[in-house]
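Asker: Below is one structure. I have some questions about it.
Since every read-out is calculated from the coordinates, none of them should be taken as a lab result. The shown structure was predicted, so the numbers you read here are calculated from the model rather than taken from an experiment. Neighbour counts are summed over all protein chains in view; Cβ atoms, including those assigned to glycine, are modelled from backbone coordinates with ideal geometry.
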Amino acid sequence: MFMQKGGDSDYFLWKRIKSGNAEAFQELYKLYADILFSFGTIFTKDHELVKDCIHDLIFDLYKYRKNLADNDNIRNYLFKALKRKIQTSGKKSLKLVYSENMSNESLHSDSVAEQEHADDEQMQMKRINRLIDQLPGKQKEILNLKFQLDMPYHEIAVVMDISVESVRTSVYRSIKSIREQLDTKDLLFLFIFMRNSPKML
């Protein structure tokens with residue numbers, strides 16, 4: 001079974017949750033609400049749906065607390081549970097979410113010449129986004145977990161129920177596929193996307 005640093009603290013927090021400790025549920029929500037929201041918006045742009053699913057997930061934990069198995073990796077458990085809730089809510093299409101605001105701020109300029117350059121950069125980033133959106137659903141999901149949520153390979157493997165090697169292979173193939181469709185001058189923007197994707201953990 002996969003173990004992570006801090007597993008002992010997760011284990012004891014989970015034990016308190018299983019016992020119905022109210023403070024433990026408050027602690028759980030405080031620790032994981034934000035990252036769960038970021039994770040949920042990978043699968044749908046409906047932010048209210050994501051919030052509802054998170055609240056339902058916490059309620060389910062309380063409702064079925066006596067039947068919960070022991071757990072030393074709460075985050076991965078919550079990720080998988082939230083993904084199932086969103087996908088069974090009728091919102092099954094995977095939506096990649098890009099940081100357009102980040103791009104707009106970083107490319108903003110009062111200079112006409114610099115603005116034209118910024119517009120060109122935005123066009124190149126949009127081209128990369130379109131290429132990513134053309135990837136198979138599973139590859140898009142893995143790529144987004146890696147570069148939008150900055151998740152390590154072993155955690156992606158747990159969430160996706162595949163091996164670490166499969167995760168690495170998927171990321172490699174996705175980047176290779178995108179790179180092959182870009183001009184040499186556009187490769188820099190692919191590197192920028194990979195380096196500057198928002199890190200929300």
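Asker: Between Ser9 and Leu68, take the C-beta separation as r, use R0 = 25 Å, and let me know the FRET efficiency to the nearest 0.05. Before the final figure, lay out the partial values.
Answerer: Numbers: r = 17 Å, r/R0 = 0.67.
According to the calculation, E is roughly 0.90.
Asker: Let me ask another. Which ³J(HN,Hα) values in Hz, rounded to whole numbers, follow from the phi angles of the stretch 152-159 under the Karplus curve 6.51 cos²θ - 1.76 cosθ + 1.60, where θ = phi - 60° and Gly and Pro get x?
Answerer: Rounded to whole hertz, the list is x, 4, 5, 6, 4, 4, 5, 5.
Asker: If each of Asp52 and Lys80 carries a label point 7 Å out from its Cα toward its Cβ, how far apart are those two points in nm?
Answerer: Output for this residue pair reads 2.6 nm.
Asker: Report, in listed order, any pair from Lys63/Lys83; Lys30/Lys140; Lys66/Lys138; Lys15/Lys66; Lys30/Lys83; Lys30/Lys80 with a Cα-Cα distance greater than 22 Å. The partial results should precede the final answer.
Answerer: Numbers: Lys63/Lys83 19 Å; Lys30/Lys140 29 Å; Lys66/Lys138 33 Å; Lys15/Lys66 10 Å; Lys30/Lys83 19 Å; Lys30/Lys80 18 Å.
Those over the limit are Lys30/Lys140; Lys66/Lys138.
Asker: Now a separate question. Would you please report the Å³ per residue occupied by the convex hull of the alpha carbon atoms in the stretch 1-74? Write out the running numbers ahead of the final one.
Answerer: Numbers: hull volume 7.4 nm³, N = 74.
It comes to 100 Å³ per residue, whole-number rounded.
Asker: Cβ neighbours within 10 Å, averaged per peptide: list 128-135, 146-153 in order, most packed at the top.
Answerer: Most protected by this proxy first, the peptides run 146-153, 128-135.
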